[in-house]
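Inspection log for the structure reproduced underneath, given as structure tokens.
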Amino acid sequence: MLIFPDPARRCNLVPRDACNMDGGAALYLGSTRTIREEESGMTKEERNALIEQYAAGYTEVVGSLDGFPADGLTKHPVAGKWSAAEIVHHLADSESISAIRLRRLLAEERPVIHGYDQDAYAARLNYNSRGLGPALEAFRAARATTLQLLRAMGDDDWARTGWHTEIGVYGAERWLEIYAVHAHNHASQIRRLRQALA
């Protein structure tokens with residue numbers, strides 16, 4: 001069973017909508033598998049499918065913003081959820097951080113991967129008062145350059161692990177499982193916000 005030591009900060013490990021602040025990440029709730037079993041490996045076909053899903057993430061987010069009312073980008077039509085603008089800035093920062101995490105897993109021996117407080121980033125970095133263009137470009141660039149690495153990785157690269165300060169053993173496959181769906185989940189969240197504004 002995965003144990004998250006700090007319930008207030010564990011959500012940056014999985015897509016925000018998969019987070020259940022009362023009981024951990026929904027992705028892992030009820031799991032009886034250990035981290036080592038979760039990290040035991042996937043087939044090349046499974047990895048390739050996740051890589052292609054990861055590759056489509058930017059387009060999915062841009063599509064979710066198509067037709068979003070400009071005056072609604074910073075509104076919070078769903079209580080307790082980020083605005084569309086906050087989601088886009090989160091994606092820029094999260095994807096930049098995740099890109100560095102993967103690079104550290106590949107280039108360093110057993111790196112320590114630090115968690116961060118995504119809500120503090122949103123508040124202190126003024127996500128809701130900054131333009132979206134640079135954030136979308138940072139998100140796109142982080143994905144594009146990381147995709148080059150993912151497509152070139154061999155079996156030894158996929159087996160590399162480090163230590164995450166919030167979940168323990170953390171490898172390249174765990175990274176891919178998390179970030180393959182990250183953008184898609186946020187795109188769905190943006191679509192729900194647009195519906196709530198209607």
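For residues in segment 113-163 being in a helix (DSSP H, G or I) and of a type in the set (Asp, Glu), which is farthest from Glu45 (Cα to Cα)? The selected residue is Asp119. Please go through segment 77-89 and give me each residue that is of a type outside the set (A, V, I, L, M, F, W, C), closer than 12 Å to Gln189 by Cα and free of Cβ contacts under 8 Å to residues at least 60 places away in the same chain, ordered by number. Selection gives Glu86 alone.
All of Arg110, Arg101 fail the test of being on the phi > 0 side of the Ramachandran plot and either part of a loop (DSSP other than H, G, I, E, B) or surrounded by 19 or more Cβ atoms within 10 Å (Cβ to Cβ) (or both), apart from Arg110. Regarding Glu37, is this residue in a helix (DSSP H, G or I), modelled with pLDDT under 95 and among the charged types (D, E, K, R)? Taking the combined requirement at face value, the residue satisfies it. Per the listing Gly67, Gly57, the residue uniquely at pLDDT below 95 and closer than 23 Å to Arg192 by Cβ is Gly67.
With respect to the stated conditions, Thr43 is β-branched (Val, Ile, Thr) and under 16 Å from Arg174 (Cβ atoms).
Checking the structure you have, find out if any residue of segment 114-133 is within 15 Å of Ala172 (Cβ to Cβ) and not hydroxyl-bearing (Ser, Thr, Tyr). The answer is no, given that none of the residues of segment 114-133 is within 15 Å of Ala172 (Cβ to Cβ) and not hydroxyl-bearing (Ser, Thr, Tyr).
Can you name the number of the only condition in (1) touching a Gly at 6+ places or on another chain (Cβ under 6 Å); (2) over 26 Å from Arg110 (Cβ atoms); (3) surrounded by 20 or more Cβ atoms within 10 Å (Cβ to Cβ); (4) not small (Gly, Ala, Ser) that Tyr170 fails? For Tyr170, the failing item is (2).
The values are calculated or read from the model by the stated rules, or taken from the named source; none is laboratory data. These numbers were taken from a predicted model, which means no experiment stands behind them. Cβ: placed from backbone, ideal geometry, glycine included. Neighbour counts: every protein chain shown.
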